[in-house]
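First up is the structure itself, then whatever we jot down about it.
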Amino acid sequence: MLQQHFPLTDRNTLRLVSEASAYAGFRSLAELIQLQGYATRAQLPLRVLGGGSNVLLSEKVNALVVQSESCRIQLVMQNDEVSLVDVDAGMNWHQWVEQSIAFGHGIENLALIPGTVGAAPVQNIGAYGVEVGEFIDSVTGYQLSTRQLRTFSAAECRFGYRDSVFKRELRNDFVILRVRFRLPRRFSPVVSYAPLNSLNAAEITPASLIQAVTDIRMSKLPDPANVPNAGSFFQNPVVSDECARQLAARYPDLPVYAQPHGAKLAAGWLIDQCGFRGKPFGPVAMYEKQALVLTTSAGATLADVRALQKRVQDSVYEKFGVWLEPEPQLFA
Ligand code: EPU
């Protein structure tokens, strides 16, 4: 049902104060197309919201905001090696991870990431050495500008570190309806990444790996239900090898991860070194146990978040000469 002047404060995990001109959930392509018709008549852009866990909402969103309410899981094909499984965009990500192990493996390391299945490919969610793009066969959705149903192969999704075509050329133009996963049936856990590397590889089962990842995340990251946040607020910056070498020489403790091109630095460490960890700035702060996570308290707005973002960016740039880019996307 379409509702006017709809509060979005409860629909974003940062709990930023926000209101949409109009809002509706949809359960099918036909309903989405109907909503597009309404938006055109009302001269409102149409914006799709997933779990609201990676967005920065402005106080007034002058749009018809839609959210998928479909959460079917359908086995498409299975042989000895792989399962192909279609999952609707509205499915809760963590619930899908828990159910995925009945079909195949690979996404256990992505347990407890907040959000929906439809949002997962947009920023190519990743944790503990795994990125979702590695297990996606294709993504199907509706392109608003051309009014076409389109399917993108994994290669066409152009997955990168927290990046995909859906964040770039197709930004605000593509409503993901379902994701087809390609899950190997053999369980070969990725436990090379700290702190999973302390697990005994021989004893790990898919369910125990999900549990281990869940425990680690619960100990390090704030639960959005209690402390509003959007996970990592900045991306880990990728710099040239030369820049990484110079910084590592000056700061031997700086965590540096080699990449195919250049090196990734731990943004949390850089922010921590600038003294932001646990220090409140009005209703926003960088989290006391993980300086990469921005948390809010009641009444926080996008302006509060932007002010702290800028302070952090400027301080890190001044001290280390590295510019941090925010991870959550503006939703205005
Ligand atoms: N560190 C500090 N101080 C801090 C925070 C971190 O010194 O306040 C140091 C840690 O000690 C560690 C390093 O920085 O040596 C990296 O920290 P961590 O292992 O917590 O991982 P991260 O690089 O901060 C990334 C992802 C997370 C993902 C974890 C685990 C990004 C932007 N973030 O964080 O993803 O869960 O690795 O794989 O790539 C997310 O994207 O929302 C997210 C939570």
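The values are calculated or read from the model by the stated rules, or taken from the named source; none is laboratory data. These numbers were taken from a predicted model, which means no experiment stands behind them. When we count neighbours, we look across all protein chains shown, and the Cβ atoms used for this are built from the backbone with ideal geometry, even at glycine. Each accessible area value is taken on the protein alone, full model and side chains, heavy atoms only, with ligands, DNA and RNA left out. Shrake-Rupley method; radii C 1.70, N 1.55, O 1.52, S 1.80 Å.
Things worth noting here:
- Filter result for Ala154 (surrounded by fewer than 19 Cβ atoms within 10 Å (Cβ to Cβ) and at pLDDT 95 or above): yes
- Arg171 open to solvent by 40 Å² or more (accessible area, probe 1.4 Å), touching a Phe, Trp or Tyr at 6+ places or on another chain (Cβ under 7 Å) and more than 16 Å from the ligand (Cβ to nearest atom): no
- Each residue in segment 94-121 was checked for being of a type outside the set (Gly, Ala, Ser) and within 12 Å of the ligand (Cβ to nearest atom), and 5 pass.
- Those strands (runs of 3 or more DSSP E) lying entirely in segment 1-112 with at least 3 residues farther than 24 Å from Thr295 by Cβ: 3-7, 19-26, 46-48, 60-68, 73-78, 82-88
- Residues in segment 273-288 that are within 11 Å of the ligand (Cβ to nearest atom), in contact with a strand residue (DSSP E or B) (Cβ under 8 Å, 6 or more places away or on another chain) and more than 12 Å from Phe234 (Cβ to Cβ): Arg277, Gly278, Tyr287, Glu288.
- Criterion violated by Ile216 - all others in (1) crowded, with 16+ Cβ neighbours inside 10 Å; (2) more than 16 Å from the ligand (Cβ to nearest atom); (3) within 26 Å of Gln235 (Cβ to Cβ) satisfied: (2)
- For segment 244-258, taking the residues that are touching a strand residue (DSSP E or B) at 6+ places or on another chain (Cβ under 6 Å) and more than 9 Å from the ligand (Cβ to nearest atom), the one that is nearest to Met218 (Cα to Cα) is identified as Val256.
- Strands (runs of 3 or more DSSP E) fully within segment 252-332 counting 2 or more residues that are open to solvent by less than 70 Å² (accessible area, probe 1.4 Å): 263-265, 284-286, 293-296, 329-331
- Where Val190 falls short, out of the listed (1) under 24 Å from the mean Cα position of the chain (by Cα); (2) open to solvent by 50 Å² or more (accessible area, probe 1.4 Å); (3) within 14 Å of the ligand (Cβ to nearest atom); (4) over 11 Å from His105 (Cα atoms): (4)
- For segment 163-217, the set of residues classified as in contact with a Ser or Thr (Cβ under 7 Å, 6 or more places away or on another chain) and aliphatic (A, V, I, L, M) consists of Leu177, Leu183, listed by residue number.
- Residue within segment 223-239 that is part of a helix (DSSP H, G or I) and either within 11 Å of the ligand (Cβ to nearest atom) or surrounded by 18 or more Cβ atoms within 10 Å (Cβ to Cβ) (or both) present: no
- Consider segment 189-218 and keep the residues that are hydroxyl-bearing (Ser, Thr, Tyr) and at pLDDT 95 or above. The one that is farthest from Glu98 (Cα to Cα) is Thr205.
- For the residues Leu64, Leu57, the requirement of being closer than 22 Å to Leu149 by Cα and open to solvent by less than 10 Å² (accessible area, probe 1.4 Å) singles out Leu64.
- Within segment 93-128, tally of residues that are open to solvent by 20 Å² or more (accessible area, probe 1.4 Å) and touching a Cys at 6+ places or on another chain (Cβ under 7 Å): 0
- Residues that are under 30 Å from Ser240 (Cα atoms), within 12 Å of the ligand (Cβ to nearest atom) and in contact with a Phe, Trp or Tyr (Cβ under 7 Å, 6 or more places away or on another chain) do occur in segment 293-302.
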